[in-house]
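The structure appears right after this line, and notes come after that.
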Protein chains: 2
Amino acid sequence: MDLTALRTANPEHWNKAAAIRALTLDAVAAANSGHSGMPIGMADVATVLFEKHLKFDVKAPKWADRDRFILSAGHGSMLIYSLLYLMGDEQVTLDQIKNFRQMGALTAGHPENFLIDAVETTTGPLGQGIANAVGFAMAEEMQRAHYGKKVVDHNTYVIAGDGCLMEGISQEAIGIAGRQKLGKLIVLWDNNNITIDGSVELSDRTNQIQRFKASGWHVQEIDGHDPEAIDAAITAAKKAQKPSMIACKTHIALGHAAQDTSKGHGALTDAEQLKAAKEAYGAPLGAFEVPADVKAQWEAIGTRGAADRAAWEARFAELSKQKQERFNRAYALEAPKKLSAAIKALKKQISEEQPKVATRKSSEMALAVINPLMPETVGGSADLTGSNNTKTGDLGVFDTDNRKGRYVYWGIREHGMAAAMNGMTLHGGMRPYGGTFFCFTDYARPSMRLAALMKTPTVFVMTHDSIGVGEDGPTHQPVEHLAICRATPNTYVFRPADTVEAAEAWEIAVTAKETPSVMVLTRQNLPTVRTEHKLSNLTEKGAYVLSEAEGKRQVILIATGSEVSLAMEAKAKLEAEGIGTRVVSMPCMELFAQQDEAYRRKVLPAGPVRVGIEAAVRAGGWDRWLLGERGQEKKAAFVGMDRFGASAPADELFEKFGITAEATVAKAKELLG
Amino acid sequence: MDLTALRTANPEHWNKAAAIRALTLDAVAAANSGHSGMPIGMADVATVLFEKHLKFDVKAPKWADRDRFILSAGHGSMLIYSLLYLMGDEQVTLDQIKNFRQMGALTAGHPENFLIDAVETTTGPLGQGIANAVGFAMAEEMQRAHYGKKVVDHNTYVIAGDGCLMEGISQEAIGIAGRQKLGKLIVLWDNNNITIDGSVELSDRTNQIQRFKASGWHVQEIDGHDPEAIDAAITAAKKAQKPSMIACKTHIALGHAAQDTSKGHGALTDAEQLKAAKEAYGAPLGAFEVPADVKAQWEAIGTRGAADRAAWEARFAELSKQKQERFNRAYALEAPKKLSAAIKALKKQISEEQPKVATRKSSEMALAVINPLMPETVGGSADLTGSNNTKTGDLGVFDTDNRKGRYVYWGIREHGMAAAMNGMTLHGGMRPYGGTFFCFTDYARPSMRLAALMKTPTVFVMTHDSIGVGEDGPTHQPVEHLAICRATPNTYVFRPADTVEAAEAWEIAVTAKETPSVMVLTRQNLPTVRTEHKLSNLTEKGAYVLSEAEGKRQVILIATGSEVSLAMEAKAKLEAEGIGTRVVSMPCMELFAQQDEAYRRKVLPAGPVRVGIEAAVRAGGWDRWLLGERGQEKKAAFVGMDRFGASAPADELFEKFGITAEATVAKAKELLG
């Protein structure tokens, strides 16, 4: 392709974009890996966006009212790294660009929110960014409704590729955004017609324009290399009262020998071709060289928002002290002072009243205490509101005519919900939680993993947590899902035994700053096992002695959730036979593993035989507590599931699969010999 | 709603549909759980479909050329159970209907393919059925191209609900079907505007007509209670050269007090309301009563296809013996006789040549042997063909102008690919395998679980299986995914150490009849560790002694995949210090667990210290082999990952995270004291 026409039409624009292109080529060549084509193809769009539209101050990348920029096509990470370096970001120095994808560098293969402040969200798994962005835009609507337009008024921009749009999660995101008329969400689609396997037509002929329109979006089509068209389209998108999609027709790896090919998607490292491309761009041939005037122009762009920010700070100072405090507290992910006492009061009440309720109901009781104290919480469910017990009375429903609503009807979109919740958390100032059936953790899984990786304390409310689901059968009965969640680093998996533990778990979840929580809750009613009020949060220890042996301690029963009361039953039977039995409740294995060895030994002393009880597979972390930590193979057994469930009333299923007090007693006695 | 007009317009149709409605109400009431609204709402559509269109012989539910009927909205299971009972299915007796959702009944809460022959696929997790159906329809196209229209010529019908269409997977399915112009796929959308949380508008305003059209579908809108309109629409859909979607406007729980409400979605058990609904239907008031003439009409429908089937059998007999044998062998999931010898020959060659290749390449080498011998294999990738090494030379690409092609470019749709592959397997006569990065197991997870539950031997080819991915960083580096796959019942998780093990794993995978396989493969090159040719398939044992201790056996190193060669290095170092070290390769924990205790003890005798090595979390099943099975806590250690990875060259990452021969040696020596 002859770039002359493009270069001469608007040289100043061209040179700025060329700097992105050249840096991308150099960084990928130095790393000998990466993705050159997308940053090169989208350099014009990004240049116009950053130069003319994005509200941003490179010196204050976390300024609350900045526009958000999300690179959903995260493999094109050199686009954002180039932009940040050119604008003078303090983290993304030239040295970082030179060390692209190297050990310890901030400039990782895919942009990581926990490495660079200006990176709003970790992207790479395709489609996540566009779905995160829906949460960002919803958070903005909610906060604007609450604090007013003077304090909250920003756009969310997304660059998405064909991969993002092919992934199913994008349809969930498009559907939510269209339904909620998220007018400040603007998606720039890198319409380059290339995927890794070849042209998009190999696998898809969807008319994306029609698809977005079908879900109520404002749609435009432009030449993604025409700066004026880009500018005009973004201007129009900002005015639209709907979410906007701008289809930017681009050439992947523009001006390189690999232009318009799937090869252009990857690492373009050939030295001759690199040189030829740089010549076509009119860029300096030296590696990582940027003409001083171009760098200066970019730096001016980087601080273009400084005045806006100063003005915003003045407006923020005009808010009431209370609102300022609330705003700052929520952005700092701090809990309100009253929370701790309120949770204690609930625990005391429950220990006295000893209700027999499902832990999904327990969770609702905790939320009824938390939500009024924490206006930053946002509840929701993937179309199981009545089953997940996620909606407390005071929340109001988030809708086009009620942006103050704090409850979201996500629809049957577990994945989109999870990703959007991550987006809300990352936006700042919000603590979202959302529910589905625990089995459908499967659908939300890619975003649950990213919550853990990104250190976002999103809360996943997962009810119907075992064969206790009953008649709905094995498609709806989790058996391996505790194992899945527990195997994931940086994730709290709470399986409370009753309302007291549920309240304690929620307290931990809504005060966590870097760790997502999974609340694993029953459908079926359970007795209160914490009948003695304790001020301290025992769930924080992960596991604790719920009930000490009466006689000589011969058995330790370790259980979670619905199986704790079963352990108590088994203990009663064992004690009746003179077998001293301790019951350990273990609501959170991760937190127990974090305790010091002395505490762990106190809870699980060597000597007694151990029986673990959980209506799930043993692979869910049990062997460490049964065999390890000074347990022994010949002195440990497990009562749980080793296959998929079945469709029948819940009580019958517990019998069928041998998860009963009787089976527990029998195993303990067998171990005692 | 006054049903008089509907009843009188076509009483014969009405009464047949009314029988479905009445049976649904009775069965749900008896079970006191279930979903009444959908079968009631879609009874008219189903009646017309079964009476006038579906090619089906109730006496031979597995007849290969039957039309496939898939209830994607699986919660409406009473629709299919009613139909089967009414038509005289031998499994779904009146007794089964009366025992809906009870222990041991075939009539489970959601339809399960492994319980009832006429149930094509297990549904319930929403969106799966419509995506399975894409695989069914592709399988039909492939087989029609191969065997001719006289032997293969059937439609795939799907009933899908709003939930199916909101789930992201549906867009992946719609995109694939549209691209491939699957003209024999017909989706009947139960457009009732109701979800569990309320009206669809609460969460979605997508114009489904436009969305399907955007992906190239033939679309019609009809009154789903008008039998003539239904008939005409299905007739038109069958003629269309594109996949068809018929939007059937229906009333959920038609004629019941809960009609058109979200309450109508669930279990309608109120006796008075049930009676009133039956009266409105003109159905007998006695529970489970069906008028004799109506039952007779349904039974006639059930055997309507008998003549077609007889004619088909005659045509099938005209096929060449070779084609008949191939057809029957593939449907029986039998391997060709030559396979075993060919795998052995490859193993021998590899043991001699000892190539140093990535196991993704090893996998391709095995496929290059298997694919020519097994024309029923269908390869593919979710847009990572070159990285997953799934395309062998002879396959040809499946496309609108090449239905004989055996390779599918699935696009960036891991979930849709996995579900469609399950559909192909369930269709019969096919053995699909498809690839993505192991980390994106997350996206495919709901369908991978269903493969295990449904006992479909689909093969998931998962490359780039650890921090060995290198620079792409933690979003692309699996650490918990082995744990996830291994925690799932009925799943073989293979992590071969070299090409010999890869060939053995593939042999097991493509001869499995009831168990899906996950091939976990490296990006990076590995040496051949199986340098001595063995005729027997050692991987079939799950784990085996790869290298015996030279001196007194003090250490057992247990490793999988890329860490087996690392274990061999560590062994060499230990032996050099006079420490006798056995290396156990463990390519498949599930198969090892299935061996008898004597074999397991032989491989892992008590006494020596044990070090497990795997570039993944210890929670992936390791404690059983390290601490259990007569191991001991003080004598076992693990070399692996305990956090997410990072972006850097792979070699540096193995160093950084301490997954090295040196670290292994140090741990072993520490254990020896």
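The values are calculated or read from the model by the stated rules, or taken from the named source; none is laboratory data. Nothing here was measured: the structure is a model prediction, and the numbers come from that model. In this analysis, Cβ positions are derived from the backbone assuming ideal geometry, glycine residues included, and neighbour counts consider all displayed protein chains. Side chains included, ligands, DNA and RNA excluded: accessible areas come from the protein's heavy atoms. Shrake-Rupley method; radii C 1.70, N 1.55, O 1.52, S 1.80 Å.
For region B:113-126, the candidate set comprises residues that are touching a helix residue (DSSP H, G or I) at 6+ places or on another chain (Cβ under 8 Å) and free of Cβ contacts under 8 Å to residues at least 60 places away in the same chain; within that set, the residue that is nearest to the other protein chains (Cβ to nearest Cβ) is B:G124.
Inspect all residues belonging to region A:450-461 and state whether any of them is within 9 Å of chain B (Cβ to nearest Cβ) and more than 15 Å from the chain's Cα centre (by Cα). Within region A:450-461, none of the residues are within 9 Å of chain B (Cβ to nearest Cβ) and more than 15 Å from the chain's Cα centre (by Cα). Test B:P446 against the criterion of being part of a helix (DSSP H, G or I), open to solvent by less than 10 Å² (accessible area, probe 1.4 Å), within 14 Å of chain A (Cβ to nearest Cβ) and touching a Phe, Trp or Tyr at 6+ places or on another chain (Cβ under 6 Å), and give yes or no. Against the criterion (part of a helix (DSSP H, G or I), open to solvent by less than 10 Å² (accessible area, probe 1.4 Å), within 14 Å of chain A (Cβ to nearest Cβ) and touching a Phe, Trp or Tyr at 6+ places or on another chain (Cβ under 6 Å)), B:P446 qualifies.
Within region B:471-497, residues that are farther than 14 Å from B:M641 by Cβ and at pLDDT 95 or above have Cβ atoms under 6 Å from residues that are open to solvent by 10 Å² or more (accessible area, probe 1.4 Å) and of a type in the set (D, E) in these pairs: B:Y492/B:E590, counting only partners at least 6 apart in sequence or on another chain.
For region B:85-104, which positions are open to solvent by 10 Å² or more (accessible area, probe 1.4 Å), out of contact with any Lys or Arg (no Cβ under 7 Å at 6 or more places or on another chain) and of a type outside the set (D, E)? Once the filter is applied, which keeps residues that are open to solvent by 10 Å² or more (accessible area, probe 1.4 Å), out of contact with any Lys or Arg (no Cβ under 7 Å at 6 or more places or on another chain) and of a type outside the set (D, E), region B:85-104 yields B:Y85, B:G88, B:Q91, B:T93, B:L94, B:Q96, B:K98, B:N99, B:Q102, B:G104.
Counting the residues of region B:326-342 that are more than 26 Å from the chain's Cα centre (by Cα) and not in a loop (DSSP other than H, G, I, E, B) gives 2.
In this structure, A:M641 does satisfy being within 13 Å of chain B (Cβ to nearest Cβ) and open to solvent by less than 20 Å² (accessible area, probe 1.4 Å).
Here's the yes/no breakdown for (1) open to solvent by less than 10 Å² (accessible area, probe 1.4 Å); (2) charged (D, E, K, R):
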position	(1), (2)
B:L106	no, no
B:H110	yes, no
B:E140	yes, yes
B:V151	yes, no
B:H154	yes, no
B:V158	yes, no
B:D162	no, yes
B:A177	yes, no
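Going by the conditions given, is A:A137 of a type in the set (A, V, I, L, M, F, W, C), in a helix (DSSP H, G or I) and within 14 Å of another protein chain (Cβ to nearest Cβ)? The answer is no for A:A137.
Among what's in region B:356-365 and is under 24 Å from B:K337 (Cβ atoms) and open to solvent by 10 Å² or more (accessible area, probe 1.4 Å), pick the residue that is farthest from the chain's Cα centre (by Cα). Out of the qualifying residues, it is B:M365. Per the listing A:E633, A:E597, the residue uniquely open to solvent by 30 Å² or more (accessible area, probe 1.4 Å), of a type in the set (D, E) and under 20 Å from A:T664 (Cα atoms) is A:E633. Which of (1) more than 14 Å from chain A (Cβ to nearest Cβ); (2) touching an Asp or Glu at 6+ places or on another chain (Cβ under 7 Å) is the odd one out, the single condition B:A31 does not satisfy? For B:A31, the failing item is (1).
Out of curiosity, is B:A487 farther than 27 Å from B:V611 by Cβ, small (G, A, S) and surrounded by 24 or more Cβ atoms within 10 Å (Cβ to Cβ)? Write out each step before concluding.
Numbers: farther than 27 Å from B:V611 by Cβ: no; small (G, A, S): yes; surrounded by 24 or more Cβ atoms within 10 Å (Cβ to Cβ): yes.
Judged against the criteria, B:A487 is not a match.
When you look at B:Y147, is it in the same structural domain as B:K62 (by the TED database), of a type in the set (S, T, Y) and open to solvent by 10 Å² or more (accessible area, probe 1.4 Å), yes or no?
yes
What are the residues in region A:53-71 that are part of a loop (DSSP other than H, G, I, E, B) and either open to solvent by 10 Å² or more (accessible area, probe 1.4 Å) or not charged (D, E, K, R) (or both), if any? If the condition is that a residue be part of a loop (DSSP other than H, G, I, E, B) and either open to solvent by 10 Å² or more (accessible area, probe 1.4 Å) or not charged (D, E, K, R) (or both), then A:L54, A:K55, A:F56, A:V58, A:K59, A:A60, A:P61, A:K62, A:W63, A:A64 are the ones that fit.
Can you run down the residue pairs with Cβ atoms below 8 Å, 6 or more apart or on separate chains, where the first is in region A:284-299 and in the same structural domain as A:Y81 (by the TED database) and assigned to a loop (DSSP other than H, G, I, E, B) and the partner is of a type in the set (D, E) and open to solvent by 50 Å² or more (accessible area, probe 1.4 Å)? Here the result reads A:L285/A:E279, each pair linking region A:284-299 to a residue that is of a type in the set (D, E) and open to solvent by 50 Å² or more (accessible area, probe 1.4 Å).
Counting just the residues of region B:83-111 that are charged (D, E, K, R) and in a loop (DSSP other than H, G, I, E, B), which one comes out farthest from the other protein chains (Cβ to nearest Cβ)? Filtering region B:83-111 for residues that are charged (D, E, K, R) and in a loop (DSSP other than H, G, I, E, B), the one farthest from the other protein chains (Cβ to nearest Cβ) comes out as B:E90. Against the numbered list (1) surrounded by fewer than 21 Cβ atoms within 10 Å (Cβ to Cβ); (2) within 14 Å of chain A (Cβ to nearest Cβ); (3) over 26 Å from B:A502 (Cβ atoms); (4) at pLDDT 95 or above, B:D651 comes up short only at (3). Look at (1) more than 13 Å from chain A (Cβ to nearest Cβ); (2) open to solvent by less than 30 Å² (accessible area, probe 1.4 Å); (3) hydrophobic (A, V, I, L, M, F, W, C); (4) without any contact (Cβ under 8 Å) to a residue 12 or more places away in the chain and you find that B:L627 fails only one, number (1).
Suppose we filter A:T511, A:T560, A:T539, A:T528 for residues that are open to solvent by less than 20 Å² (accessible area, probe 1.4 Å) and within 25 Å of the chain's Cα centre (by Cα); which single one remains? I'd like the intermediate steps shown before the answer.
Numbers: A:T511 fails: open to solvent by less than 20 Å² (accessible area, probe 1.4 Å); A:T560 fails: within 25 Å of the chain's Cα centre (by Cα); A:T528 fails: within 25 Å of the chain's Cα centre (by Cα).
Result: A:T539 is the single residue among A:T511, A:T560, A:T539, A:T528 that is open to solvent by less than 20 Å² (accessible area, probe 1.4 Å) and within 25 Å of the chain's Cα centre (by Cα).
Residues in region B:661-673 that are out of contact with any strand residue (DSSP E or B) (no Cβ under 8 Å at 6 or more places or on another chain), touching a residue at least 40 places away in the same chain (Cβ under 8 Å) and surrounded by fewer than 19 Cβ atoms within 10 Å (Cβ to Cβ): B:E662, B:K669.
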